[in-house]
Amino acid sequence: MWNGSIALPRKKVEGQDKDGFSKGESWEYEGSIPANCTDVTRSDETLAAQKGYSADRNIEIMSCNYQGERFLLDEAENQMYDVRRTFRKEKSMTIVLTCERRENGV
């Protein structure tokens, strides 16, 4: 069932250099989360266009792994995606995340 894996952000880390200036923020990830990565459907594309974004990928994971994160990392492609919509089928243990690819992976 799983054809890939993703990493979800779990903790924001802010560091300082030796002079006390902020290095900026980074994230600690929980990786190797099994996922089923599929192309979006025509319905997904239409709904995304109506809402003002581009649906690039559907990623299905076990719902116990998802805690409302706004973005994720596809480990196979090393590509960042923003989570734009979630869908959980009735009586299912999985959740489908409709994602938009981040420009330049940032």
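The values are calculated or read from the model by the stated rules, or taken from the named source; none is laboratory data. Note that the structure is predicted; figures quoted are calculated from it, not measured. Ideal geometry is used to build each Cβ from the backbone, glycine not excepted, and the neighbour counts take in all protein chains shown. Side chains included, ligands, DNA and RNA excluded: accessible areas come from the protein's heavy atoms. Shrake-Rupley method; radii C 1.70, N 1.55, O 1.52, S 1.80 Å.
Structure above, values below:
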read-out	value
Largest to smallest accessible area among Cys64, Cys37, Cys99 [probe 1.4 Å]	Cys64, Cys37, Cys99
Magnitude of the charge dipole, the chain, Cβ model with Lys/Arg +1 and Asp/Glu -1, debye to 20	400
Cross-link pairs Lys12/Lys91; Lys51/Lys89; Lys23/Lys51 - those with Cα-Cα distance over 30 Å	Lys12/Lys91; Lys23/Lys51
Those chymotrypsin sites (Phe, Trp or Tyr not before Pro) in segment 1-36 that DSSP places in a loop and that have at most 14 other beta carbons within 10 Å	Trp2, Phe21
Kirkwood-Stokes translational diffusion coefficient of the chain, alpha-carbon pairs, 37 °C, 0.692 mPa s, µm²/s	221
Heavy atoms of Met1: accessible area, 1.4 Å probe, square angstrom to 10	150
Accessible heavy-atom area order of Lys51, Lys12, Lys91, highest first, probe of 1.4 Å	Lys91, Lys51, Lys12
From phi via Karplus (6.51, -1.76, 1.60), per-residue ³J(HN,Hα) for segment 76-86 in Hz, x at Gly/Pro	5, 9, 6, 10, 8, 10, 8, 7, 9, 8, 10
For segment 49-106, alpha-carbon Rg relative to the globular expectation (2.2 N^0.38 Å, N residues)	1.13
Accessible area in square angstrom per residue, the chain, 1.4 angstrom probe	66
